[in-house]
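To keep things clear, I will list the structure first and then write my remarks on it.
The values are calculated or read from the model by the stated rules, or taken from the named source; none is laboratory data. Bear in mind that the values here come from a model prediction, so they are computed numbers and not experimental data. Methodologically, a virtual Cβ is constructed for each residue, glycine included, from the backbone with ideal geometry; neighbour enumeration extends over all protein chains shown. Ligands, DNA and RNA are stripped out before the accessible areas are found, and what is left, the full protein with its side chains, is counted by its heavy atoms. Shrake-Rupley method; radii C 1.70, N 1.55, O 1.52, S 1.80 Å.
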Amino acid sequence: MITKMVTYTLPILPYPSNGLEPIISKETIANHHGKHFAAYINNLNKLTPGSEYEGLLVEEIVQQAPDGPIQNNAGQVMNHRLYFEQFIPASQQKAPSVRLTNAINFHFGSMDIFKKQMTEAAMSIFGSGWVWLAKDTEGRLQIVKEMGGGNPCRRGMTPILGIDCWEHSWYLDYAFDKKAHYDNLWHIIDWDVIEGRLPL
Ligand code: MN
């Protein structure tokens, strides 16, 4: 008997584990990527075999599964893939391209206003959740708040940039000053990755 095996695997980080210091410490990376993200992957590998979601892409599971453990873990796998691949060491950060800057300016007024609104949205999350820059079905860029492991792709939107608002993303490095964490994240965003997610 041939059994179809589809396993979800933990992506390798596109930077060294200390590459985002001092904004995100290597200890936080070890916990967040190596433990939390790995746990969501392991959970999905345990939950999907034998279900109707076996063998699907993570994005398909997020779009199709009802609320519950499969949705929660698939959502967090998708979210953390997007999250960890969107960073770059601060010393290597380049300015956003003209196309991306124009899109942000058009929808938010300026890059500074956009960053301020994203940070305010992140600060307003009560409990665990995410804030996304997402493109809606009519082509508008929006700031979207999600609770738990939510992703705006469930409502047909395209996620572009995500801020993880779970305590595990900042507490070890920032204790009670989560705003400093959110403010500092702008120094390690890889704008080329973000532009790559922006549909033409
Ligand atoms: Mn997280």
If you place +1 on the Cβ of every Lys and Arg and -1 on the Cβ of every Asp and Glu, how big does the dipole about the Cα centre of the chain come out, in debye to the nearest 20? 140
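Using a 1.4 Å probe on the protein heavy atoms, what percent of the accessible area of the range 17-59 belongs to carbon and sulfur? Before the final figure, lay out the partial values.
Values: 1110 of 2150 Å².
Summing carbon and sulfur atoms, their accessible area is 51 percent of the total for the range 17-59.
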Chymotrypsin sites (Phe, Trp or Tyr not before Pro) in the range 79-118 lying in a DSSP loop, each with at most 11 other Cβ atoms within 10 Å of its Cβ, come to none
All-pairs Cα distance distribution in the range 43-100, expressed in whole percent, bin size 5 Å: 4, 17, 23, 16, 9, 8, 9, 10, 4, 0
Taking R0 as 35 Å and r as the Cβ-Cβ distance between Glu138 and Asn42, the FRET efficiency 1/(1 + (r/R0)^6), rounded to the nearest 0.05, comes to 0.40
Name the residue farthest towards the positive end of the dipole of the chain from the options Leu20, His181, Gln86, assuming +1 on Cβ of Lys and Arg, -1 on Cβ of Asp and Glu, about the Cα centre. Gln86
Trypsin sites (Lys or Arg not before Pro) lying in DSSP loop within the range 94-142, provided at most 13 other Cβ fall within 10 Å: Lys94, Arg140
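Quote the FRET efficiency, to the nearest 0.05, computed for Ala30 versus Glu54 with a Förster distance R0 of 41 Å and r equal to the Cβ-Cβ distance. Each step should come with its number before you reach the end.
Values: r = 31 Å, r/R0 = 0.75.
The value I calculate is 0.85.
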Straight-distance crosslink candidates among aspartates and glutamates, where the alpha carbon sits under 13 Å from Lys35 and sequence neighbours closer than 8 are dropped: Glu27
The chain: relative contact order from alpha carbon pairs under 8 Å, six or more residues apart, as a whole percent, is 24
With every protein chain kept in place and ligands, DNA and RNA left out, what is the accessible area per residue of the chain? Probe 1.4 Å, answer in Å². 50
